[in-house]
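Novice: Below is a structure I'd like to ask you about.
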Amino acid sequence: MSGTTGWTIKAVPNLSDNYAWLLRDEATGLVALCDPGEARPNLAALQEMPEPGRLDWILLTHHHPDHIDGVPEVVRATGAKVLGASADAHRLPKLDLAVKPGDRVPLGSGEIEVLDSPGHTIGHVALYIAAAHAVLAGDTLFSLGCGRLLEGTPADMYRALRLLDALPGDTLVLCGHEYTESNARFALTVEPDNAALKDRAAEVRELRKAGLATVPTTLDQERATNPFLRAATVEELAERRAGKDVFKG
Ligand code: ZN
Ligand code: FE
(Lines give C-alpha, C1' and ligand atoms only; values in the text may rest on other atoms or scores of the structure.)
(Ligands and ions follow the chains in the order given, each with its own letter.)
Protein backbone atom coordinates (compact mmCIF):
# COMPACT_ATOMS: atom_id res chain seq x y z
CA MET A 1 0.00 0.00 0.00
CA SER A 2 1.11 3.55 -0.65
CA GLY A 3 -0.31 6.50 1.20
CA THR A 4 -0.06 10.27 1.02
CA THR A 5 3.12 10.19 3.07
CA GLY A 6 5.57 9.36 0.29
CA TRP A 7 6.28 6.01 1.91
CA THR A 8 5.16 2.64 0.57
CA ILE A 9 4.42 0.00 3.20
CA LYS A 10 3.92 -3.69 2.50
CA ALA A 11 3.13 -6.63 4.76
CA VAL A 12 5.12 -9.73 3.81
CA PRO A 13 3.68 -12.97 5.22
CA ASN A 14 6.46 -14.93 6.92
CA LEU A 15 6.28 -18.42 8.48
CA SER A 16 2.78 -19.46 9.57
CA ASP A 17 1.33 -16.22 10.95
CA ASN A 18 4.14 -13.63 11.07
CA TYR A 19 4.40 -10.42 9.10
CA ALA A 20 7.66 -8.82 8.09
CA TRP A 21 7.19 -5.21 6.98
CA LEU A 22 8.74 -3.66 3.91
CA LEU A 23 8.99 0.13 3.84
CA ARG A 24 10.17 2.27 0.94
CA ASP A 25 10.82 6.00 1.10
CA GLU A 26 9.86 7.25 -2.36
CA ALA A 27 11.92 10.46 -1.94
CA THR A 28 15.26 8.69 -1.49
CA GLY A 29 14.57 5.12 -2.64
CA LEU A 30 15.60 3.79 0.76
CA VAL A 31 14.16 0.38 1.60
CA ALA A 32 13.88 -1.11 5.09
CA LEU A 33 12.62 -4.51 6.22
CA CYS A 34 11.38 -5.21 9.75
CA ASP A 35 11.59 -8.58 11.51
CA PRO A 36 12.37 -11.15 8.78
CA GLY A 37 11.43 -14.47 10.35
CA GLU A 38 12.71 -16.23 7.24
CA ALA A 39 14.54 -15.13 4.10
CA ARG A 40 12.71 -16.40 1.03
CA PRO A 41 9.40 -14.43 0.98
CA ASN A 42 11.23 -11.22 1.85
CA LEU A 43 13.84 -11.65 -0.89
CA ALA A 44 11.00 -12.36 -3.31
CA ALA A 45 9.13 -9.24 -2.19
CA LEU A 46 12.29 -7.14 -2.65
CA GLN A 47 12.47 -8.31 -6.26
CA GLU A 48 9.06 -6.75 -6.86
CA MET A 49 10.09 -3.32 -5.59
CA PRO A 50 10.93 -0.39 -7.93
CA GLU A 51 14.67 -1.05 -7.42
CA PRO A 52 14.63 -4.86 -7.36
CA GLY A 53 16.79 -6.35 -4.62
CA ARG A 54 17.66 -3.07 -2.91
CA LEU A 55 17.60 -3.25 0.88
CA ASP A 56 19.30 -0.63 3.04
CA TRP A 57 18.26 -1.62 6.56
CA ILE A 58 16.88 -4.55 8.51
CA LEU A 59 15.06 -3.27 11.61
CA LEU A 60 14.50 -5.59 14.57
CA THR A 61 11.93 -5.23 17.36
CA HIS A 62 13.02 -8.17 19.51
CA HIS A 63 15.09 -11.35 19.59
CA HIS A 64 12.54 -14.13 19.01
CA PRO A 65 13.43 -16.58 16.21
CA ASP A 66 10.23 -15.84 14.26
CA HIS A 67 11.45 -12.22 13.95
CA ILE A 68 15.18 -12.71 13.27
CA ASP A 69 15.87 -16.08 11.68
CA GLY A 70 15.87 -14.61 8.16
CA VAL A 71 18.49 -11.99 8.96
CA PRO A 72 21.75 -13.77 8.01
CA GLU A 73 20.51 -14.89 4.60
CA VAL A 74 18.88 -11.52 3.79
CA VAL A 75 22.10 -9.73 4.78
CA ARG A 76 24.15 -12.07 2.58
CA ALA A 77 21.84 -11.46 -0.37
CA THR A 78 21.44 -7.69 -0.03
CA GLY A 79 24.28 -6.27 2.11
CA ALA A 80 21.67 -4.56 4.29
CA LYS A 81 22.73 -3.17 7.65
CA VAL A 82 21.00 -4.34 10.84
CA LEU A 83 19.48 -2.14 13.56
CA GLY A 84 18.30 -3.45 16.91
CA ALA A 85 18.22 -2.78 20.64
CA SER A 86 21.62 -2.51 22.36
CA ALA A 87 20.08 -4.12 25.47
CA ASP A 88 19.47 -7.27 23.42
CA ALA A 89 22.67 -7.20 21.34
CA HIS A 90 23.77 -10.46 23.00
CA ARG A 91 20.75 -12.34 21.64
CA LEU A 92 20.16 -10.54 18.33
CA PRO A 93 22.02 -11.14 15.06
CA LYS A 94 25.16 -8.99 14.68
CA LEU A 95 24.03 -5.35 14.82
CA ASP A 96 25.50 -2.59 12.68
CA LEU A 97 23.61 -0.04 14.74
CA ALA A 98 22.65 -0.72 18.36
CA VAL A 99 19.98 1.68 19.58
CA LYS A 100 18.32 2.45 22.89
CA PRO A 101 14.93 3.91 23.78
CA GLY A 102 14.82 7.64 23.06
CA ASP A 103 17.32 7.44 20.18
CA ARG A 104 16.45 9.07 16.88
CA VAL A 105 18.05 7.58 13.78
CA PRO A 106 17.81 9.02 10.26
CA LEU A 107 15.97 6.75 7.82
CA GLY A 108 15.79 8.07 4.26
CA SER A 109 14.05 11.42 4.34
CA GLY A 110 12.58 10.61 7.75
CA GLU A 111 13.79 9.23 11.03
CA ILE A 112 13.14 6.39 13.43
CA GLU A 113 12.28 7.15 17.02
CA VAL A 114 13.09 4.23 19.29
CA LEU A 115 10.35 3.57 21.87
CA ASP A 116 10.85 1.41 24.95
CA SER A 117 8.37 -1.42 24.56
CA PRO A 118 8.99 -4.10 27.22
CA GLY A 119 6.48 -6.72 28.29
CA HIS A 120 6.55 -9.46 25.64
CA THR A 121 10.35 -9.39 26.09
CA ILE A 122 12.41 -7.05 28.26
CA GLY A 123 14.53 -5.62 25.45
CA HIS A 124 11.64 -5.15 23.00
CA VAL A 125 11.56 -1.81 21.15
CA ALA A 126 8.92 -0.26 18.94
CA LEU A 127 10.19 1.83 16.04
CA TYR A 128 8.15 4.92 15.23
CA ILE A 129 8.61 6.49 11.81
CA ALA A 130 6.63 9.74 11.95
CA ALA A 131 7.27 10.55 8.27
CA ALA A 132 5.57 7.29 7.28
CA HIS A 133 2.79 7.69 9.86
CA ALA A 134 3.70 4.21 11.05
CA VAL A 135 5.02 2.33 14.04
CA LEU A 136 6.73 -1.05 13.88
CA ALA A 137 5.11 -2.55 16.95
CA GLY A 138 6.59 -6.08 16.86
CA ASP A 139 4.85 -8.27 19.42
CA THR A 140 3.74 -5.42 21.70
CA LEU A 141 0.49 -4.16 20.16
CA PHE A 142 -1.59 -6.34 17.85
CA SER A 143 -4.91 -5.58 16.26
CA LEU A 144 -7.46 -6.20 19.03
CA GLY A 145 -4.80 -7.60 21.34
CA CYS A 146 -1.31 -7.32 22.78
CA GLY A 147 1.71 -9.61 23.05
CA ARG A 148 2.03 -12.35 25.60
CA LEU A 149 4.03 -11.45 28.72
CA LEU A 150 6.99 -13.79 28.33
CA GLU A 151 9.59 -11.70 30.19
CA GLY A 152 8.04 -8.46 31.42
CA THR A 153 5.33 -7.67 33.94
CA PRO A 154 1.77 -6.51 33.27
CA ALA A 155 2.94 -3.05 34.43
CA ASP A 156 5.73 -3.10 31.81
CA MET A 157 3.26 -3.94 29.07
CA TYR A 158 0.76 -1.36 30.27
CA ARG A 159 3.40 1.39 30.13
CA ALA A 160 4.53 0.23 26.70
CA LEU A 161 0.96 0.33 25.40
CA ARG A 162 0.43 3.80 26.87
CA LEU A 163 3.55 5.01 25.05
CA LEU A 164 2.16 3.70 21.75
CA ASP A 165 -1.24 5.14 22.59
CA ALA A 166 0.37 8.61 22.76
CA LEU A 167 1.13 8.52 19.02
CA PRO A 168 -1.18 10.26 16.52
CA GLY A 169 -4.45 8.44 15.78
CA ASP A 170 -3.72 7.98 12.09
CA THR A 171 -0.51 6.08 12.87
CA LEU A 172 -0.44 2.72 11.10
CA VAL A 173 0.29 -0.10 13.53
CA LEU A 174 2.61 -2.55 11.77
CA CYS A 175 2.44 -5.57 14.05
CA GLY A 176 4.28 -8.87 14.00
CA HIS A 177 1.45 -11.39 13.67
CA GLU A 178 -1.91 -12.16 12.10
CA TYR A 179 -3.68 -12.83 15.40
CA THR A 180 -6.67 -10.55 14.86
CA GLU A 181 -9.41 -13.15 14.46
CA SER A 182 -8.68 -14.96 17.74
CA ASN A 183 -8.05 -11.62 19.46
CA ALA A 184 -11.51 -10.51 18.31
CA ARG A 185 -13.10 -13.48 20.05
CA PHE A 186 -11.48 -12.44 23.36
CA ALA A 187 -12.20 -8.72 22.87
CA LEU A 188 -15.90 -9.49 22.39
CA THR A 189 -15.98 -11.26 25.77
CA VAL A 190 -14.66 -8.04 27.36
CA GLU A 191 -16.94 -5.62 25.50
CA PRO A 192 -19.84 -7.57 23.96
CA ASP A 193 -21.79 -4.34 23.33
CA ASN A 194 -19.04 -2.28 21.67
CA ALA A 195 -20.54 -1.54 18.23
CA ALA A 196 -17.18 -0.57 16.67
CA LEU A 197 -15.72 -3.85 17.90
CA LYS A 198 -18.62 -5.90 16.54
CA ASP A 199 -18.19 -4.23 13.12
CA ARG A 200 -14.45 -4.83 13.17
CA ALA A 201 -14.90 -8.49 14.20
CA ALA A 202 -17.26 -9.03 11.25
CA GLU A 203 -14.82 -7.32 8.88
CA VAL A 204 -11.95 -9.45 10.20
CA ARG A 205 -13.91 -12.68 9.65
CA GLU A 206 -14.58 -11.67 6.03
CA LEU A 207 -10.94 -10.70 5.41
CA ARG A 208 -9.65 -13.98 6.83
CA LYS A 209 -12.21 -16.01 4.89
CA ALA A 210 -10.81 -14.36 1.76
CA GLY A 211 -7.25 -15.10 2.93
CA LEU A 212 -6.43 -11.41 3.33
CA ALA A 213 -4.40 -9.59 5.98
CA THR A 214 -6.29 -7.72 8.72
CA VAL A 215 -3.35 -5.38 9.28
CA PRO A 216 -2.04 -2.74 9.27
CA THR A 217 -4.55 -1.26 11.62
CA THR A 218 -4.54 2.33 12.90
CA LEU A 219 -4.27 3.61 16.45
CA ASP A 220 -7.67 5.26 16.09
CA GLN A 221 -9.22 1.91 15.18
CA GLU A 222 -7.47 0.17 18.08
CA ARG A 223 -8.52 2.87 20.55
CA ALA A 224 -12.11 2.15 19.57
CA THR A 225 -11.87 -1.64 19.67
CA ASN A 226 -8.76 -3.05 21.42
CA PRO A 227 -9.46 -3.93 25.08
CA PHE A 228 -5.79 -3.43 25.96
CA LEU A 229 -5.93 0.21 24.84
CA ARG A 230 -9.27 0.61 26.58
CA ALA A 231 -8.06 -0.68 29.95
CA ALA A 232 -8.11 2.80 31.46
CA THR A 233 -7.33 3.17 35.14
CA VAL A 234 -10.06 4.14 37.57
CA GLU A 235 -8.50 7.60 37.81
CA GLU A 236 -8.64 8.04 34.05
CA LEU A 237 -12.25 6.92 33.99
CA ALA A 238 -13.06 9.55 36.59
CA GLU A 239 -11.32 12.18 34.46
CA ARG A 240 -13.22 11.01 31.42
CA ARG A 241 -16.50 11.31 33.26
CA ALA A 242 -15.44 14.84 34.19
CA GLY A 243 -15.16 15.54 30.46
CA LYS A 244 -11.39 15.40 30.14
CA ASP A 245 -11.37 12.58 27.63
CA VAL A 246 -7.90 12.05 26.22
CA PHE A 247 -8.85 8.99 24.18
CA LYS A 248 -11.29 10.44 21.64
CA GLY A 249 -12.45 6.94 20.72
ZN1 ZN B 1 7.92 -12.55 19.89
FE1 FE C 1 6.48 -13.21 17.35
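Novice: Check THR140 against each of (1) more than 16 Å from ligand 1 (Cβ to nearest atom); (2) among the β-branched types (Val, Ile, Thr); (3) under 13 Å from the mean Cα position of the chain (by Cα) and name the one condition it does not meet.
Specialist: With (1) more than 16 Å from ligand 1 (Cβ to nearest atom); (2) among the β-branched types (Val, Ile, Thr); (3) under 13 Å from the mean Cα position of the chain (by Cα) applied to THR140, the lone miss is (1).
Novice: In segment 151-202, which residues are in a loop (DSSP other than H, G, I, E, B) and under 18 Å from THR121 (Cβ atoms)?
Specialist: Scanning segment 151-202 gives GLU151, GLY152, THR153, GLY176, TYR179.
Novice: Restricting to segment 225-249, count the residues that are among the charged types (D, E, K, R) and modelled with pLDDT of 75 or more.
Specialist: 1
Novice: Determine which single condition TYR128 fails, assuming it passes every other condition in (1) hydroxyl-bearing (Ser, Thr, Tyr); (2) open to solvent by less than 50 Å² (accessible area, probe 1.4 Å); (3) in contact (Cβ under 8 Å) with a residue 60 or more places away in the chain.
Specialist: For TYR128, the failing item is (3).
Novice: If you don't mind, there's one more thing I want to ask. Just checking, how many residues over segment 19-43 are in a strand (DSSP E or B) and open to solvent by less than 10 Å² (accessible area, probe 1.4 Å)?
Specialist: Residues flagged as in a strand (DSSP E or B) and open to solvent by less than 10 Å² (accessible area, probe 1.4 Å) within segment 19-43 amount to 9.
Novice: When TYR179 is evaluated against the numbered criteria (1) surrounded by 18 or more Cβ atoms within 10 Å (Cβ to Cβ); (2) more than 16 Å from ligand 1 (Cβ to nearest atom), which criterion, by number, is the only one it fails?
Specialist: (2)
Novice: Could you list all residues from segment 1-44 that are away from ligand 1 (no atom under 16 Å from the Cβ), polar (S, T, N, Q) and at pLDDT 95 or above?
Specialist: THR8, THR28, ASN42
Novice: List the pairs whose first member sits in segment 47-68 and is among the basic types (Lys, Arg) and open to solvent by 40 Å² or more (accessible area, probe 1.4 Å), whose second member is within 16 Å of ligand 1 (Cβ to nearest atom) and in a helix (DSSP H, G or I), and whose Cβ atoms are under 6 Å apart, counting only residues at least 6 apart or on separate chains?
Specialist: Within 6 Å, no pair qualifies.
Novice: Pull up segment 134-163, narrow it to residues that are crowded, with 20+ Cβ neighbours inside 10 Å and over 17 Å from PHE228 (Cβ atoms), then point me to the one that is nearest to ligand 2 (Cβ to nearest atom).
Specialist: Looking at the filtered set, the residue picked out is LEU136.
Novice: Take the conditions farther than 16 Å from ASP139 by Cβ and touching a residue at least 60 places away in the same chain (Cβ under 8 Å) and apply them to ASP103. Does it pass?
Specialist: no
The values are calculated or read from the model by the stated rules, or taken from the named source; none is laboratory data. In this text, all values refer to a predicted model and were calculated from it rather than measured experimentally. Every residue, glycine as well, gets a Cβ built from its backbone with ideal geometry; the counts of neighbours run over all protein chains shown. Surface areas here come from the heavy atoms of the whole protein model, side chains and all, with no ligands, DNA or RNA. Shrake-Rupley method; radii C 1.70, N 1.55, O 1.52, S 1.80 Å.
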